[in-house]
Structure formats: C-alpha cells, structure tokens
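> Quick one: the structure is below, and I'll ask about it shortly.
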Amino acid sequence: MGGASRVEDKIAIGADHAGYKLKEEIKLFLRENGLSFEDFGTFDAKPVDYPEIAIKVATSIAHGEFSKGILICGTGIGMSIVANKVPGIYASLCHDIFTARASRAHNNANVLALGGRILAPELAKEIVKEWLETPFEGGRHSRRIQRIKAFEEKTFRKEGKKSGSLLIIDHPLIQHKLSILRDKTTGVKEFREIVSEISALMLFEVTRDLPLVEKEVETPISKAKGFVVSGKEMVLVPILRAGLGMVDGILKLIPTAKVGHIGLYRDPKTLEPVTYYCKLPSDIPERDVIILDPMLATGGSAVEAVGLVKEYKPKSIKFLCIIAAPEGVERLHKAHPDVDILTAALDERLNDHGYIVPGLGDAGDRIFGTR
Ligand code: PRP
Ligand code: URA
C-alpha cells in the first residue's frame, strides 16, 4: 500500500457505538498508509442506530463521492444488510483474509463490513489491507456483476434512473422467440421474421421514457384525457448488415421514425471494426437515436457506431441488441458511459473467434442467408 491516494480511491468510513473503537484503529491505519477517508461517525461510544450511519456511507458511495466504504458495527451484519439495500452498493461482510480477497476479486464489493465485537484490531487491519489492495478480476465475474446491475436497473429504475445502464428484457414472449433464433435448424425466412418481431417487442422498453403531452379526445360517450408523444420522432440507426433486420419491426410501430445507416464490418483477424458507410439525418440534434445491431460481441462495432453518431450531437443514444456478451457490455459502457444498453439476453462469453457463446452464430449470415 502506501503513497498518496487518488481522489477516486477516497474511502467513506462509518461505525455505530459497537464498531466505534475499531473504526478509530482503522482510521489510524488508513492515515499511516496515506489513504484519504471521510468519517461519517459515530464519534464516541454512545449508542446510535447503525442504519443511519450505513445509509449515509452507502448513498455517498452510490452517488460517486467515494469509491469504497468501510462500515463497522458489533457483528458487521446490520451494516451489510442496510448497505446492500442501496442500489449500486455491494457490501461484503468479512472476518477473514480469504473472504476479503474474494469479495473484491470475484464480487467487486465496494463496501467492507466488519464486526467490531468479533475482530481483533490487527486482523481487522490485515483484512482492510487485503480488501483495498485486491483488484476486481473481471472475466466470468463481470457477467455475474452485470446480472446484478441489470436486476437493480429493472427493480429500481423508476426511482431516479441513471443513464448508462444495462437492461435485460426477459419478457416470456421474447425469450420464447429468442430460443427459435438460437436454434441452428431455424431457416432464413423464420429467422428474419423473428428478428423483426423481437425488435418490435423490445421497443416497448426502449420507448418507456418517451415524454407525453395531454390531449383531449372525444369518445362516443364523453370527453377523455388522452396523451400524445411529444417532440420529434426518433432516429433508428441500424449497423449494416445485421442491424437492418431489426428496422422493419420497429417501423411498423413508429412509422415516421427517420432511419440513418452505418456500415461496419469486423475485420476477421483483428476483430476490430472497419467503417465503410455512414449516412445520418441532419436534424439528429433534435432527436433521440436508437442504434440497432442484433449482436454486441467484443463491442468494437458498437463503440465505433456510437462515436460516429455522437459527432452529430443527438439528444440521447440507446443501443438495442438481441444478444450481448459481457465483454461487449463492459467495453461499450467504458467507452460511452452515457449510453443505455437494452438486450434480450446476456450470454456467457466470447469464443476465440469473437463469437458469442452460446449466441446464435453469425447474425448477418442467418438474416440474409449468405452462408
Ligand atoms: C456482426 C454483428 C455486429 C458485430 C458485432 O457484424 O452484426 O455488427 O459483428 O461484433 P463486435 O461487437 O465484436 O464488433 P459483422 O461484422 O459480422 O458484419 P455483418 O453484419 O455485415 O455480417
Ligand atoms: N457477430 C455475430 O453475428 N455473431 C457473433 O456471435 C459475434 C459477432
């Protein structure tokens, strides 16, 4: 350890009366190691309620003011229960070094909960050291963390939804149709129809936050309060070729949407995208854009496409795909953290050729029958 900490390494620390003494020991340890922290109390051994402290520490981390937190109560259990209620918080209760290491390497925990009545100060300091020094391993663990985040997104998004999220649209009809797409015996005609149908079904979630204005209508019985979508229609931007298969299904529901095109293919050796075409409507700054591509694999094509669309300064961008790989989600969110990803499935991984496993094979070839 040692050396001055970066701003993003700043730690939030808090304890109740049962953890107060250990908190003071850990603060000394953090200071000795040049790590900056903010103490959210409690500041003496008088009884306090642990949820108050845990909520303050956890929300400050969830709001991005701190990268990590340490919470201490008698057993650490109360603190971890409360912290884990805050979306974006992954609190691990650790009383040994192995668990501390695993909770960072595998679970990417951002809060460490400790038991002040369980741990001797020296062991507690070793646990803190191990926890702070262990990086997240990524790989297969990324997929599991993405699943937790997607669940949070689905459960909590009505309360102050943030952009840059991953939403897995797991509606039964979509999952049923996706299984037909995955099946290698499905022929071109049916494959093409189902890509179109799934895209239309997914549109309900894509457009969930469209603004509405009130409009009075007259029914055969009486006047009624109605609504119309306000503002200009969106722009669909399929990534050629396979993204083209998603356009028709969506246009059936939003026939006046404009359509831009981005031509990209993956270099089979480097797997990096090669751009060969880009034509987008000029009034994009007044519109929301949905980029369409059935497959988010390495994420190279998606990152490139979002970059091209951003040059036109749209109001917002969403990326709609049918199957995503964890590697692609990570790369796209890293390059463009403001872009929401919506997918019908988050698959396991990529194979050595950059294909999604289990995936559905080459989407372009299956839509256009070119193999
Ligand atoms: C496929 C797919 C995506 C890209 C995804 O297109 O439709 O555009 O691969 O891979 P990535 O996330 O690793 O960039 P492909 O390059 O095969 O071109 P095609 O649509 O013309 O078949
Ligand atoms: N492109 C595809 O069409 N399928 C994959 O699995 C990966 C990239």
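> Run the Debye formula on the Cα coordinates of the stretch 180-289, all scatterers equal and no solvent, and tell me log10 I(q)/I(0) at q = 0.12, 0.16 1/Å.
Listed by q, the Debye log ratios stand at -0.59, -0.91.
> Around ILE11, which amide H atoms from residues at least 5 apart in sequence, or from another chain, sit under 5 Å from its own amide H, with H modelled in the peptide plane?
SER36, PHE37, GLU38
> Roughly speaking, what % of Cα-Cα pairs in the stretch 21-91 are separated by over 14 Å, rounded to a whole number?
Values: 1458 of 2485 pairs.
Result for the distance tail: 59 percent.
> Looking at the stretch 176-245 from every direction and averaging, what is the projected area of its Cα convex hull in nm²?
Seen from a random direction, the Cα hull of the stretch 176-245 projects 7.5 nm² on average.
> Here is a further query. For the stretch 240-289, what log10 I(q)/I(0) values come out of the Debye formula at q = 0.22, 0.24 1/Å, with one point per alpha carbon and no solvent?
At q = 0.22, 0.24 Å⁻¹ the computed log10 ratios are -0.91, -0.99.
> Using only the Cα atoms, work out Rg/Rh for the chain, with Rh taken as the Kirkwood radius, to two decimals.
1.07
> Further, regarding this structure: How are the C-alpha pair distances of the stretch 13-60 spread across 5 Å bins, as whole percents from the shortest bin up?
Taking every Cα pair in the stretch 13-60, the percentages come to 5, 25, 29, 23, 15, 4, 0.
> Using only the Cα atoms of the stretch 237-346, what semi-axes does the equivalent ellipsoid have when each is the square root of 5 times a gyration tensor eigenvalue? Give whole Å, largest first.
20, 15, 14
> Please state the Cα pair-distance histogram of the stretch 293-371 with 10 angstrom bins from zero: what percent is in each bin?
19, 50, 26, 5
> How much of the pair distance distribution for the stretch 46-172 lies past 18 Å, counting alpha-carbon pairs only, in percent?
Counting every Cα pair in the stretch 46-172, those more than 18 Å apart make up 56 percent.
> Hey, another quick one. Binned at 10 Å from 0, what are the whole-percent values of the Cα-Cα distance distribution for the stretch 120-228, short to long?
Reading the bins upward from 0: 10, 21, 24, 21, 12, 7, 3, 1.
> Next up: Just from its helices, what would the mean residue ellipticity at 222 nm be for the chain, if runs of 4 or more DSSP H residues each count -39500 (n - 2.57) and the sum is divided by every residue, rounded to the nearest 500 deg cm²/dmol?
Calculated at 222 nm, the ellipticity per residue is -11000 deg cm²/dmol.
> When N is the residue count of the stretch 299-344, what does its C-alpha Rg come to as a fraction of 2.2 N^0.38 Å?
Taking the Cα Rg and dividing by 2.2 N^0.38 Å, one obtains 1.06.
> Let me ask you something else. For the stretch 289-301, just list the computed ³J(HN,Hα) in residue order, Karplus coefficients 6.51, -1.76 and 1.60, θ = phi - 60°, integers in Hz, with x standing in for Gly and Pro.
10, 10, 8, 10, 7, x, 10, 10, 9, 6, x, x, 5
> Mind giving me the FRET efficiency for ASP44 and ARG101? R0 is 25 Å, r the Cβ-Cβ distance, nearest 0.05 is fine.
0.15
> Report, by chain and number, residues whose modeled amide H sits under 5 Å from the one on VAL259, excluding near sequence neighbours (fewer than 5 apart, same chain).
LEU236
> Taking the convex hull of the alpha carbon atoms in the stretch 274-332, what volume per residue do you get, in Å³? Working shown, then result.
Numbers: hull volume 4.5 nm³, N = 59.
It is 77 Å³ per residue.
> Also, quick follow-up: In degrees between 0 and 90, to the nearest 10, how far off the longest principal axis of the chain does helix 172-182 point, with axes built from Cα atoms?
On a 0 to 90 degree scale, this one is about 70.
> Past the 26 Å Cα-Cα mark, which pairs from LYS177/LYS310; LYS56/LYS129; LYS154/LYS258; LYS252/LYS315?
Over 26 Å Cα-Cα: LYS177/LYS310; LYS154/LYS258.
> Give me the mean projected area, in nm² to one decimal, of the convex hull enclosing the Cα positions of the stretch 260-307.
3.5
> Nearest 5 percent is fine: what portion of the DSSP beta bridges confined to the chain is antiparallel? Could you put the intermediate results ahead of the total?
Values: 15 of 54 bridges.
So the antiparallel bridges in the chain amount to around 30 percent.
Read-outs: derived from the displayed coordinates by stated rules, not from any lab. Worth saying up front: this structure is predicted, and the values here are computed from it rather than measured. We place every Cβ from the backbone using ideal geometry, glycine too, and count neighbours over all the protein chains shown.
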